[in-house]
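Here, each number is a calculation from the coordinates, and none is a lab measurement. Small disclaimer: the values here were computed from a predicted structure and weren't measured. Note that we place each Cβ from the backbone using ideal geometry, even for glycine, and neighbour counts take in every protein chain shown.
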Amino acid sequence: MKISRIAIIDRKLDALRRFTVSKTQKLRKKLISKLEVLFNHATQMARSSDVANRDEWMRIAGYIAQVINSVADSFDEVKFNTDIKQLRVMIEAAKKRATGTREGASEADQ
């Protein structure tokens, strides 16, 4: 009887692992897709902004690329949340510096 209980536990554990892997892969794909959209917006801002602001938006785009790479390698929810908080700080700083410019105003409205 112990063997069958162990086998049941083993099967359930394996099913849970497969479920987790499946969900993680779907989540990775979704996150990377959304991050790619952000990356494209940041690079557009870098191309259209004034010289001082251009460097800042290129740095933001580079950071987004690093986050994409990190998510692609392995998904760590705590690290991802920390990365997103840092990205938000960087974008907020860029928006504050762009106040009054057409590019900064349109980005803030999106």
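General observations
- Positive minus negative residues near residue 17 (Lys, Arg vs Asp, Glu; Cβ under 14 Å): +2
- Net charge over other residues, Cβ less than 15 angstrom from the Cβ of residue 89 (K, R count +1; D, E count -1): +3
- Rounded FRET efficiency, nearest 0.05, which uses the C-beta distance separating residue 81 from residue 48 and R0 of 41 Å: 0.85
- The simple spin-label model puts a point 7 Å past each Cα toward its Cβ; for residue 9 and residue 89 those points are separated by 4.4 nm.
- 3J(HN,Hα) from dihedral phi, region 23-32, Karplus parametrisation 6.51/-1.76/1.60, rounded to Hz, x for glycine, proline: 5, 5, 5, 5, 5, 4, 4, 5, 5, 5
- Sorting the segments 36-47, 67-78 by their residues' average number of neighbouring beta-carbon atoms within 10 angstrom, most packed first, yields 36-47, 67-78.
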